[in-house]
1. Restricted to segment 111-161, and to residues that are polar (S, T, N, Q) and open to solvent by 20 Å² or more (accessible area, probe 1.4 Å), which residue is farthest from Tyr182 (Cα to Cα)?
2. Among the residues of segment 97-107, write down those that are aliphatic (A, V, I, L, M), assigned to a strand (DSSP E or B) and open to solvent by less than 30 Å² (accessible area, probe 1.4 Å).
3. Sort out which residues of segment 45-71 are in contact with a Leu (Cβ under 9 Å, 6 or more places away or on another chain) and either closer than 26 Å to Asp163 by Cα or free of Cβ contacts under 8 Å to residues at least 24 places away in the same chain (or both), and write them in order of number.
4. Just wondering, is there one or more residues in segment 246-255 that are in a loop (DSSP other than H, G, I, E, B) and open to solvent by 60 Å² or more (accessible area, probe 1.4 Å)?
5. Could you tell me whether Ile76 is modelled with pLDDT of 95 or more, open to solvent by 40 Å² or more (accessible area, probe 1.4 Å) and of a type in the set (Val, Ile, Thr)?
6. Looking for whichever is among the acidic types (Asp, Glu) and open to solvent by 60 Å² or more (accessible area, probe 1.4 Å) here; the options are Asp207, Asp229, Asp218, Asp223. Which one fits?
7. What number of residues within segment 180-219 satisfy the criterion of being outside any helix (DSSP H, G or I), under 14 Å from Ser231 (Cβ atoms) and not aromatic (Phe, Trp, Tyr)?
Amino acid sequence: MSKTILQTSIPGAKVHRGKVRDIYDAGNKLIIAATDRISAFDVVMKNGIPGKGTVLTQISKFWFDFFEDDIESHFITDDVSNYPEPFNEHPDQLEGRSMLVRKTEVLPIECIIRGYITGSGWKDYQKSGKVCGHRLPEGLKECQKLPEPLYTPSTKAEYGEHDENISVEKSAEIIGKEAAEYVSRKSIEIFEKAGRYAADKGIILADTKFEWGRYEGDIILIDEVLTPDSSRFWPGDDYEPGRPQKSFDKQFVRDYLESVDFDKSGEGIELPEDIVSKTSEKYIECFEKLTGKTFSF
């Protein structure tokens, strides 16, 4: 296993640290470095997952290229030698796990698209027959495919806080009606296109979240896209509604935390080595299946 990077440090550079990414100010651009930190239930664990930051960055790059004709994004390059100084002097920390992007005015909501009923949505449905205010048909099974994808926006929490589900109407109050309609429509469109592609690779895209920002008057796709951190991916050949699914994403860690009654608040815990190793394997397998490339540290 390769060395795990829990934090990057570029001398003299201003940095904002999120749950997983270290974001550096580079004038009118940003350097986004995906570390090997892992968060679950909005809590960052004490140890990281080898290879994870590189997987997140390279899967996002794959999807930015994939959607190039459908939507503009903030991605510029992931070639560290083309970064501005001093970032181009630190390939040991940034190579493979970072990208240079346009700086945008981030829309303060997360655009969650649910294609299957699982996770918190399944729990809500069992209690009320609804998911985030959407009334669903009776008799759905756990992890069953929904009649159509649901758009369920949430707030975008700061580090150490929790995202909160909001109504479509509330999202329009926050970012404006026109912008809310646009990100809702485009999020569903690219979710469905990605889902068809993933299905051809033997993967079910169960749900995901997208983030958007304003750049020179336009709304463009930003942050990470359809990664194991922002999405639930299931192996298609093992899918069966009515039970929890095996997973290519960090649901593996969520399930472990549920099994030890993690309280989902406060400080993260040290994950056992076997959980770390298996989670790393899941991330890498997801990368290889989606991109068709062989992963190397």
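1. Gln126
2. Correct list: Met99, Leu100, Val101.
3. Met45, Lys46, Asn47, Gly48, Ile49, Ile59, Ser60, Trp63, Phe64, Ile71
4. yes
5. yes
6. Checking each option against the conditions leaves just Asp218.
7. Of the residues in segment 180-219, 9 are outside any helix (DSSP H, G or I), under 14 Å from Ser231 (Cβ atoms) and not aromatic (Phe, Trp, Tyr).
For (1) without any contact (Cβ under 8 Å) to a residue 24 or more places away in the chain; (2) among the aliphatic types (A, V, I, L, M); (3) in contact with a strand residue (DSSP E or B) (Cβ under 7 Å, 6 or more places away or on another chain); (4) not in a loop (DSSP other than H, G, I, E, B), each residue gets a yes or a no:
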{"residue": "Lys264", "(1), (2), (3), (4)": "no, no, yes, no"}
{"residue": "Ile275", "(1), (2), (3), (4)": "yes, yes, no, yes"}
{"residue": "Lys278", "(1), (2), (3), (4)": "no, no, no, yes"}
{"residue": "Phe295", "(1), (2), (3), (4)": "no, no, no, no"}
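The values are calculated or read from the model by the stated rules, or taken from the named source; none is laboratory data. All of these numbers come straight from a predicted model, not from anything done at the bench. Virtual Cβ from ideal backbone geometry, glycine too; neighbours counted across all protein chains shown. Accessible surface areas use protein heavy atoms only, side chains included; no ligands, DNA or RNA. Shrake-Rupley method; radii C 1.70, N 1.55, O 1.52, S 1.80 Å.
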